[in-house]
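**Q** Here's a structure for you.
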Amino acid sequence: MKEIKHYINGEYVGSASGRMFDNVNPVNGQLIAQVHEAGREEVDAAVRAARAALKGPWGRMTIDERAAILHRVADGINARFDEFLEAECQDTGKPKAMASHVDIPRGAANFKVFADLIKNVSTEAFEMATPDGTGAINYAVRRPKGVIAVVSPWNLPLLLMTWKVGPALACGNTVVVKPSEETPTTTALLGQVMKDAGVPDGVYNVVHGFGGDSAGAFLTEHPDVDGVTFTGETRTGEIIMRAAAKGVRQVSLELGGKNASVVFADCDLDKAIEGTMRSAFLNCGQVCLGTERVYVQRPIFDEFVARLKAGAESLKVGEPNDASANMGPLVSHKHRDKVLSYYRKAVEDGATVVTGGGVPQMPGELANGAFVQPTIWTGLADDSAVVTEEIFGPCCHIRPFDTEEEVVELANSLPYGLSATLWTENVSRAHRVSGQLEAGIVWVNSWFLRDLRTAFGGSKQSGIGREGGVHSLEFYSEMKNVCIKL
Ligand code: NAD
């Protein structure tokens, strides 16, 4: 049986308490590994190591040296691509076809993108007049923030964790990462890659455990952490924000969503169906940017529902090695209980179940997996919990609308504002409606098309701050102004 340990100050170490928890494969319910659970002692040690490393070789390196190391980290992930792929697919159950195109390559790219960016980003300088006529020059320098706590979720484990660790290290910080308890393996594996790439000990640390009253809380409450970056549920974000308030630590919060897709009758229907299939069902619906609310203009409503139903019914649910499978299981049986509770609630609230709504018949050991059927509903009231709460499963509710004004109001009616998708061939409408949608990211005639230089983040209760490109650098560094009197 495999054991997964913490990675602290360049060494894999177990918990002093000996406390462990199970890492279970959601494909078949089998145990993958036993994971050490960090207590305050291990979290303290990791934060101490990260603090000390700021003053070590890492803190004295030039930007070029740091960037070269981060390139080697990316190359190291690619060199061990199959190992990362196997680990990510065992932890999450997702198809290898997806993880090999999205999770692992993006996990590596996150280091290269920010290494290149930090080498090329400029700051500012101002000449100013002084009363004695000699003048002064102001210039800004970018300095690391210090020790960054990274708390990450399970849906895209390596991708979302490195999306934070990449820019944090590029800016010269040190990190302590607390990966999701559901998906600890790739974060653990990255320790070896860091070591081999020449990242000094103490720069990248990992502590495993749960959230409240465990490693997550111990880390985010730790007084010697300078900033907290978190991706996960909105409710957890509120708790973390409170923890970070003590000591006035800055937070970056990438939180939940209940994203709308708006399909106008003037859209290219083939593209809208293909895009909605992906936005509702990719990664078994466990994508924060995914679409659980679909609004379709009345003239094409029936056709849209029929075609999306046919699409959902053509999806194959299977295990990661099955190249013909489009979807794996949900990440865990616990999460499946949550998703199935919404499947039941939809029926109680009077939904028409267009397709799915239950658990598929799976062969052999897959019968013990956390699989659910891709599901589509119509006919729910706008205030049903199924329409207002994030389910995070392979499902969506489709509702007809008549006018642009009506659909903008519907799309904006929830406290979330992560992303929205718009399908129309009318360019004026595309600009007009994009401007009116309350979301941090709007896609027109596409979904999940990402340029890593662009701002990523949510409005309203979907988050605080933006990551991506220079926006990440804003969070992971401090601008210091130096004023020189001439
Ligand atoms: P979660 O909030 O349950 O857990 C996320 C992480 O926080 C885990 O590592 C967990 O152990 C830790 N945690 C939980 N309670 C904590 C506490 N009290 N103190 C400190 N840490 C704590 O979220 P999840 O279920 O892992 O992920 C799914 C959620 O993440 C969904 O809401 C999804 O929308 C959101 N998400 C958002 C984005 C985005 O970019 N906005 C991206 C991916 C996922």
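The values are calculated or read from the model by the stated rules, or taken from the named source; none is laboratory data. Remember, predicted model here, so these are calculated numbers, not experimental data. Reconstructed Cβ throughout: ideal geometry from the backbone, glycine too, with neighbour counts over all protein chains shown. Only protein heavy atoms, including side chains, enter the accessible area calculation; ligands, DNA and RNA are left aside. Shrake-Rupley method; radii C 1.70, N 1.55, O 1.52, S 1.80 Å.
**Q** Being at positive phi and either within 13 Å of the ligand (Cβ to nearest atom) or at pLDDT 95 or above (or both) is the requirement here; does G198 meet it? Break it down into steps so the answer makes sense when it comes.
**A** Numbers: at positive phi: yes; either within 13 Å of the ligand (Cβ to nearest atom) or at pLDDT 95 or above (or both): yes.
So G198 passes the test.
**Q** Something else about it: Look through E409, E365, E405, E425 and report the one residue that is open to solvent by 20 Å² or more (accessible area, probe 1.4 Å), at pLDDT 95 or above and not in a helix (DSSP H, G or I). Let's see the steps before the verdict.
**A** Numbers: E409 fails: not in a helix (DSSP H, G or I); E365 fails: not in a helix (DSSP H, G or I); E405 fails: not in a helix (DSSP H, G or I).
From the options E409, E365, E405, E425, the qualifying one is E425.
**Q** Please verify whether K246 is over 22 Å from S15 (Cα atoms) and more than 7 Å from the ligand (Cβ to nearest atom), treating the condition exactly as stated.
**A** Values: over 22 Å from S15 (Cα atoms): yes; more than 7 Å from the ligand (Cβ to nearest atom): yes.
Yes: the conditions hold for K246.
**Q** A further question on this structure: Which of the residues spanning region 460-474 are away from the ligand (no atom under 11 Å from the Cβ) and either in a strand (DSSP E or B) or buried (at least 22 other Cβ atoms within 10 Å of the Cβ) (or both)?
**A** Within region 460-474, K460, S472 meet the criteria.
**Q** Can you find, within region 132-190, the residue that is farthest from the ligand (Cβ to nearest atom) among those that are of a type in the set (V, I, T) and surrounded by fewer than 22 Cβ atoms within 10 Å (Cβ to Cβ)?
**A** Filtering region 132-190 for residues of a type in the set (V, I, T) gives 134, 137, 141, 147-148, 150-151, 162, 165, 174-177, 183, 185-187.
This time we only want the ones that are surrounded by fewer than 22 Cβ atoms within 10 Å (Cβ to Cβ), so: 134, 137, 141.
Values: T134: 50, I137: 40, V141: 30 Å.
So the residue we want is T134.
One line per residue, one yes/no per condition, for (1) modelled with pLDDT under 95; (2) out of contact with any strand residue (DSSP E or B) (no Cβ under 9 Å at 6 or more places or on another chain); (3) under 16 Å from V359 (Cβ atoms):
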site: K309; (1), (2), (3): no, no, no
site: G318; (1), (2), (3): no, no, yes
site: A323; (1), (2), (3): no, yes, no
site: N326; (1), (2), (3): no, no, no
site: L330; (1), (2), (3): no, yes, yes
site: H333; (1), (2), (3): no, no, yes
site: R336; (1), (2), (3): no, yes, yes
site: L340; (1), (2), (3): no, yes, yes
site: V347; (1), (2), (3): no, no, yes
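**Q** Another one. Sort out which residues of region 340-362 are touching a Lys or Arg at 6+ places or on another chain (Cβ under 8 Å) and surrounded by 19 or more Cβ atoms within 10 Å (Cβ to Cβ), and write them in order of number.
**A** Correct list: V354 only.
**Q** Looking at (1) closer than 27 Å to I63 by Cα; (2) within 18 Å of the chain's Cα centre (by Cα), which one does K258 not meet, given that it meets all the others?
**A** Unmet condition: (1).
**Q** Could you give every pair whose Cβ atoms fall below 6 Å, whose first residue belongs to region 466-479 and is more than 12 Å from V113 (Cα to Cα), and whose second residue is in a helix (DSSP H, G or I), counting only separations of at least 6 or pairs across chains?
**A** Y476/P167; Y476/A168
**Q** Out of region 355-389, which residues are among the β-branched types (V, I, T) and within 25 Å of N28 (Cα to Cα)? Give the derivation first.
**A** So in region 355-389, the residues among the β-branched types (V, I, T) come out as 355, 359, 372, 375-376, 378, 386-388.
Across region 355-389, the qualifying residues are T355, V359, V372, T375.
**Q** Can we say Q373 is in contact (Cβ under 8 Å) with a residue 40 or more places away in the chain and open to solvent by 40 Å² or more (accessible area, probe 1.4 Å)? So that I can check it myself, show each step before the final result.
**A** Numbers: in contact (Cβ under 8 Å) with a residue 40 or more places away in the chain: yes; open to solvent by 40 Å² or more (accessible area, probe 1.4 Å): yes.
Yes.
**Q** Okay, moving on. Of all residues in region 201-235, how many are touching a Phe, Trp or Tyr at 6+ places or on another chain (Cβ under 7 Å) and near the ligand (Cβ under 7 Å from one of its atoms)?
**A** 1
**Q** For region 250-270: of the residues being out of contact with any strand residue (DSSP E or B) (no Cβ under 6 Å at 6 or more places or on another chain) and not small (G, A, S), which is farthest from the ligand (Cβ to nearest atom)?
**A** Taking region 250-270 and keeping what is out of contact with any strand residue (DSSP E or B) (no Cβ under 6 Å at 6 or more places or on another chain), we get 256, 266, 268-270.
Filter again for not small (G, A, S), leaving 266, 268-270.
Details: D266: 30, D268: 28, L269: 28, D270: 28 Å.
It comes out as D266.
**Q** So which residues in region 137-168 are assigned to a loop (DSSP other than H, G, I, E, B) and either at pLDDT below 95 or over 30 Å from K94 (Cα atoms) (or both)?
**A** Step one: filter region 137-168 for residues assigned to a loop (DSSP other than H, G, I, E, B), giving 145-146, 152-156.
Answer for region 137-168, where residues must be assigned to a loop (DSSP other than H, G, I, E, B) and either at pLDDT below 95 or over 30 Å from K94 (Cα atoms) (or both): K145, G146.
**Q** From (1) away from the ligand (no atom under 15 Å from the Cβ); (2) outside any strand (DSSP E or B), pick out the condition that doesn't hold for V482.
**A** (2) is the only condition that V482 fails.
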